[in-house]
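Below is one structure, written out as structure tokens; the observations come after it.
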Amino acid sequence: MQRQRHGYTQNMEEKYITEAFIDFNTGRFLDIGAYDGITFSSTRKLLESGWSGVYVEPDPAILVKLKENIKDFSNNQILDVALGINNSRMPWFDSHGDMVGSISSDHAKKWEIKHEGRFVEVINVEELKKRAGCNFDFINIDVEGINWEVFTQFDWALWNPKCICVEYDSKKKEITEILIKNNYKIVYISAENIVAIKK
């Protein structure tokens with residue numbers, strides 16, 4: 001089956017995300033695993049529409065591109081960290097631009113990525129809240145190999161974004177159930193992502 005795309009996103013995610021904010025002149029997003037801020041980005045269209053946000057991206061090489069790609073937009077923050085379970089430093093498995101770099105050794109084995117001696121700072125969601133707050137209208141989670149571990153750290157009643165996009169890996173059913181339990185409606189599921197909107 002041929003992949004359908006809309007705008008910047010990998011599939012049709014952007015269509016459903018922007019429709020969720022049709023009445024918003026501006027807003028604030030959190031982009032976890034932002035990559036370069038353009039390629040397969042779930043937040044770029046929002047940024048171009050006047051939004052601002054917080055980008056979380058640990059890859060030192062990609063950070064250079066991310067900074068360049070958002071330099072003409074104001075009120076944005078970049079956290080050069082990875083999201084994980086514990087606050088620590090961990091090996092970074094660098095995919096050299098293939099968008100599958102990760103702190104997960106299992107994920108690295110899957111994609112045959114070797115550790116080349118680089119380490120990155122890792123923070124958990126509680127530390128993220130201290131550094132960036134929790135007042136976001138849209139949250140995107142795309143952290144290769146550990147989306148479930150990151151997603152389940154969020155207290156969704158506290159963070160309470162209007163819209164969430166999350167890469168589900170092998171946990172589509174489990175993530176869907178948590179979102180529905182927290183009063184979200186699933187509006188789109190692709191081969192990689194779930195988009196949900198607060199009812």
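Between Ala34, Ala20, Ala157, the Gaussian network model of the chain with springs among Cα atoms under 10 angstrom shows the greatest mean-square fluctuation at Ala157.
Taking label points 7 Å from Cα along the Cα-to-Cβ direction, His6 and Ser88 give a separation of 4.0 nm. Within the chain, DSSP assigns beta bridges of which about 45% are antiparallel (rounded to the nearest 5). Taking every C-alpha pair closer than 8 Å and separated by at least 6 residues, the mean separation divided by the residue count of segment 18-74 gives a relative contact order of 39 percent. Computed from the C-alpha gyration tensor, the three semi-axes of the ellipsoid equivalent to the chain are 24, 19, 17 Å, from longest to shortest. Rounded to the nearest 500, the 222 nm mean residue ellipticity of the chain from helices alone is -7000 deg cm²/dmol, with -39,500 (n - 2.57) taken per DSSP H run of at least 4 residues. Only beta bridges with both residues in segment 124-197 are counted; by DSSP, about 70 percent of them are antiparallel. Tell me the net charge near Val122. Cut-off is 12 Å between Cβ atoms, Val122 excluded, with +1 for each Lys or Arg and -1 for each Asp or Glu. Summing Lys and Arg as +1 and Asp and Glu as -1 gives -3. Amide H contacts of Tyr188 (H built 1.01 Å from N, in plane; Pro and chain starts excluded): Val195 sit under 5 Å, all sequence-distant by 5 or more or on other chains.
Read the figures in this text as sums done on the coordinates, not as results from a lab. All values reported here derive from a predicted model rather than from experimental measurement. Counting neighbours? That spans all protein chains shown, and the Cβs are built from the backbone with ideal geometry, glycine included.
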